[in-house]
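To keep things clear, I will list the structure first and then write my remarks on it.
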């Protein structure tokens, strides 16, 4: 199991809401509650306007961008779903600040509390009763013509996939310096354990428990009778070379957010990011979320605990 | 990638051949070669007779059983296939002695050298040019009525499966203290990375690279639309309770060698064994063996290296 | 879609209950209702005793065995689950008599009515408002030493599987006179569309809609990276030869009811049975049953109709 | 097995080569051979130029387009691979003319002869020794706003898939007038038995023997734990409604050749085409092609016949 690291009582919180009225209201409530408990509050990623004004009246500092804010905080609170938390994680993890998710929709894999329990979460933070667990992230480097063309970290996955026209890509793949296979497929996914329940699940990959330190390599619709996903130690360098069929016929997508067109011979090099995400984990397991969202263990009998 | 640990020049070798004329001849040759290079040789697991006599004439000490012999050796050499090496591993790993496999049949996942290269392997051992890598093993405990009924270590896997009559077993499974699922299936496999290319492969599980430290949990023919295998950190305790349908309707099998009939309520508890197997690894990757034996990457294109 | 054949108003009904108090009571009620509507009633498969007496008092003819009874009936009514209906189907299909299932447990794939709607079903039968649809059955012949050793028909499936000790069977398989593959597997399933939701489902086979006239051939845990099931026209002869590994190491099981130990060289020859099962189909589709029992389409969105 | 229909000795042949020097040379040779045997030869799909001139000198009638030509022929000969044969099949099947494939590349699933055996094929045609077998085709209708927007026949498959940006499509699917599922997936494939070894194979669908009359419905990367493909009787109408997420976010592709952007609410309706493809089948089975191209039965043992 993951080691849990206690978080000292927090004094400075950064709120990161997603768009929309529900998230705004949750942000307003959180601000009010935190200020009443003498916690300094910053809110980022909000456009100016009446909403920003209302938050300021409650004592929040409202900042349009999140750059460099995490460093001065004890905790980032993402208000939204798994997607909002993932976006916050990209800069929070770099800054080494733990992230707590308050879920405003369906059960999430990453968010620790549902909306109606949000105050319980904030109280735990203020009383020094929260803990974080490390979650493996990946570093993705796109090398073009012998140079680094792009370098990003990802919490979930990186995948190479054809563009508008379905094509069988040719993707030569090495693991730990050894040749593994040249995939002929619609694409190839490399994911962290967190990302194993995202696109990897749809492509037929295994579920990887969040505390594992392994990457999963799963082809997307390989033209092959052998569909088998491969799980490798996170310390193994993964190198994928785009061998065709055509210039610009494939895209590299990182955490579903950055997308780059590939040139022939481009190399995508993946290894573990030096800093893990510091996640305040849900109390329920990934399997309970799977059961609720995707019918995991339907027909397997319904013991509940 | 796995860390490699150099093995100092060996002076005492334990040979462990499988049955049959071919293995006997390989053992005779190895004895001769090692004695010429001033290495002390013990041979175990051989019945007395003309063969034992011939080996003694070459200078080997011939011992009927392997118990307690590994401790006094620098290296165990298994002469046979992956199965022979697995059997040797059970006691060699306890003793902390590295194991080198010389393969007398088809390409193996574990054996470092093919028969015709066996002398190269022995020379490397004698000149201090071999290295071992750690391979995760599992500890399997069968608890019955609150007591430990059986405890064994395994290199490949442990599985629970129905006996002569196919039945849908009910297997409640917890991971890291959290409920995962109650499988309704013909059985359930828990395997190490080494074991991922054994029965797990047949049951549809992923391939796990040998250097990973993770267990894979794969159901055998679950009566369910969700066949998804689960990969967990090797530090997570796995607990499986046999809930039925009938007394004696299921067996626990460990590394394909030990088999025990289960009683209702029996708990199988699995975690990482304290000592890894110290394996002198093959030079070729698991993927090359898969390609040769099982057509891995057929239709994926044939880059060779 | 299946053609539907109307069933003229029935005058003679054969009731086939499963064991147990609930089925007995349902049989008693059905007898009473049918006698009130001037329908002749036979009840088979019941042991003598107080129950048989009670049924006779209601006007039923009680017969210990079912042999030859179906011929004199207009309709067989199975009272139990899919298993009860399957057992009745074996002799009802030979006799060309339609079968109606009244389900006393969970939703079934084959039973037309749930218990509480049983009277609706009987009324439809009496008023000539029922219809049957043909369901493909298979003929299974075991040939030993050039002779027919066993010949049976099956509604669901026939499978060859290892016995108590898991072994990799070698099963040479021809389809329509052409070699298909020599499976190395725990076993091999051949199923009808009805049987596709039984053991085939657990082994990873596709769902085949009931009106299709095709057999599905699905290996059980093949030691192979290619797990792909094969669907063939029901007019294709399927021939499977048991090539080993050992005498008596495998069993042929037909519809989960007949089981025979195989000898080396035994051939199992399967083709379509001349007469289909005449099934009064459920009003709900196989997909609705899958959704209820096994979470089909969980996470696919929940349109209901 | 498929019924085989003898083809009377052919007197008029239409040659349909793919592009390129190799196909041109094969066409020239076939023309020469056929003219020597007093067979009338038309060649279509060739651009004018030196090649067309050379063919005319050998006695061929060279026509730029294939429209309406098949009606006047006894046999269409496709010179290329499976793709060339598929293209020829679209108009040859409408005209009820059998198609013979001469393969200029790797082994094909549809082509009857390899290049070096082409003359054997032509001789069989001239001597009345060829036969054709029916192969199921599908009719695909795109309905928009209550009207037929597009209607095409396909030999292999029709699939709906997201465009440039991966999105989870919502595809409500009915079979035979009954609701089956609303797929949330990258896309959905419906294929004929011929098409089962094309994109369906990559998406994890079963292999369907060519003589079966069934459609297979296979989701592409469903966000679901239940990946199970469904096989339905070819007499069942399949209706798929594109429910989102966005206007223009999906494409319908037919036989990999026609591609149309979908609007919200578009319905794709698929049933069996009235006329099958009349295919001169390969002598080797689909399984031998799979073994050669994709390693089918690797690790299953290598019986050859």
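The values are calculated or read from the model by the stated rules, or taken from the named source; none is laboratory data. These figures come from a predicted structure and were not determined experimentally. Don't worry about glycine lacking a Cβ; one is built from the backbone with ideal geometry, like all the others, and counts go over all protein chains shown.
Things worth noting here:
Per-residue answers, yes or no, for (1) out of contact with any helix residue (DSSP H, G or I) (no Cβ under 7 Å at 6 or more places or on another chain); (2) farther than 30 Å from residue B:261 by Cβ:
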| position | (1), (2) |
| --- | --- |
| B:75 | no, yes |
| B:90 | yes, no |
| B:96 | yes, yes |
| B:120 | yes, yes |
| B:124 | yes, yes |
| B:142 | yes, no |
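- Matching residues in the stretch A:252-268 - criterion: being within 11 Å of another protein chain (Cβ to nearest Cβ) and surrounded by fewer than 20 Cβ atoms within 10 Å (Cβ to Cβ): A:256, A:259, A:261
- Of all residues making up the stretch B:28-66, the number that are in contact with a helix residue (DSSP H, G or I) (Cβ under 7 Å, 6 or more places away or on another chain) and either outside the structural domain of residue B:96 (by TED's automatic domain parsing) or not in a strand (DSSP E or B) (or both): 15
- Residue B:204 falls short on exactly one of the conditions (1) on the phi > 0 side of the Ramachandran plot; (2) more than 14 Å from chain C (Cβ to nearest Cβ), and that condition is (2).
- Selection status of residue C:278, more than 14 Å from chain A (Cβ to nearest Cβ), under 21 Å from residue C:83 (Cβ atoms) and modelled with pLDDT of 95 or more: yes
- Against the test of being in contact (Cβ under 8 Å) with a residue 40 or more places away in the chain and under 14 Å from residue D:174 (Cα atoms), the options D:224, D:236, D:261 yield a single qualifying residue, D:236.
- The listed residue being on the phi > 0 side of the Ramachandran plot and not in a strand (DSSP E or B), out of A:128, A:108: A:128
- Hits in the stretch A:211-253 - residues which are in contact with a helix residue (DSSP H, G or I) (Cβ under 7 Å, 6 or more places away or on another chain) and part of a loop (DSSP other than H, G, I, E, B): A:223, A:224, A:225
- Here residue D:45 passes the criteria (1) in contact with a strand residue (DSSP E or B) (Cβ under 7 Å, 6 or more places away or on another chain); (2) crowded, with 17+ Cβ neighbours inside 10 Å; (3) modelled with pLDDT of 90 or more except the one numbered (3).
- Residue satisfying all of: in the stretch B:57-72; surrounded by fewer than 13 Cβ atoms within 10 Å (Cβ to Cβ) and in contact with a strand residue (DSSP E or B) (Cβ under 7 Å, 6 or more places away or on another chain); farthest from residue B:12 (Cα to Cα) among these: B:65
- Boolean, residue D:242 is modelled with pLDDT under 85, more than 14 Å from chain B (Cβ to nearest Cβ) and over 15 Å from the mean Cα position of the chain (by Cα): no
- Taken as a whole, the stretch B:208-227 holds no residue that is more than 10 Å from every other protein chain (Cβ to nearest Cβ) and surrounded by 23 or more Cβ atoms within 10 Å (Cβ to Cβ).
- Listed conditions (1) surrounded by fewer than 24 Cβ atoms within 10 Å (Cβ to Cβ); (2) more than 30 Å from residue B:26 (Cα to Cα) are all met by residue B:200, apart from (1).
- Test: residue in the stretch A:164-179 that is within 30 Å of residue B:180 (Cβ to Cβ), surrounded by 19 or more Cβ atoms within 10 Å (Cβ to Cβ) and more than 8 Å from every other protein chain (Cβ to nearest Cβ): no
- Failed item in (1) over 21 Å from residue C:165 (Cβ atoms); (2) part of a loop (DSSP other than H, G, I, E, B); (3) within 20 Å of the chain's Cα centre (by Cα), with residue B:256 passing the rest: (1)
- Residue list for the stretch B:73-105, restricted to those being part of a loop (DSSP other than H, G, I, E, B) and farther than 15 Å from residue B:10 by Cα: B:81, B:104, B:105
- Taken as a whole, the structure places residue D:152 among residues that are assigned to a strand (DSSP E or B), more than 11 Å from chain C (Cβ to nearest Cβ) and under 16 Å from the mean Cα position of the chain (by Cα).
- Hey, residue D:142 crowded, with 22+ Cβ neighbours inside 10 Å and either without any contact (Cβ under 8 Å) to a residue 24 or more places away in the chain or assigned to a strand (DSSP E or B) (or both) or not: yes
- Scanning the stretch C:184-201 for residues that are within 14 Å of chain A (Cβ to nearest Cβ) and in a loop (DSSP other than H, G, I, E, B) yields one hit, C:198.
- Among the conditions (1) outside the structural domain of residue A:224 (by TED's automatic domain parsing); (2) within 17 Å of the chain's Cα centre (by Cα), residue A:197 misses just one, which is (1).
- Residue that is nearest to residue B:224 (Cα to Cα), among those in the stretch B:155-183 that are assigned to a strand (DSSP E or B) and free of Cβ contacts under 8 Å to residues at least 12 places away in the same chain: B:181
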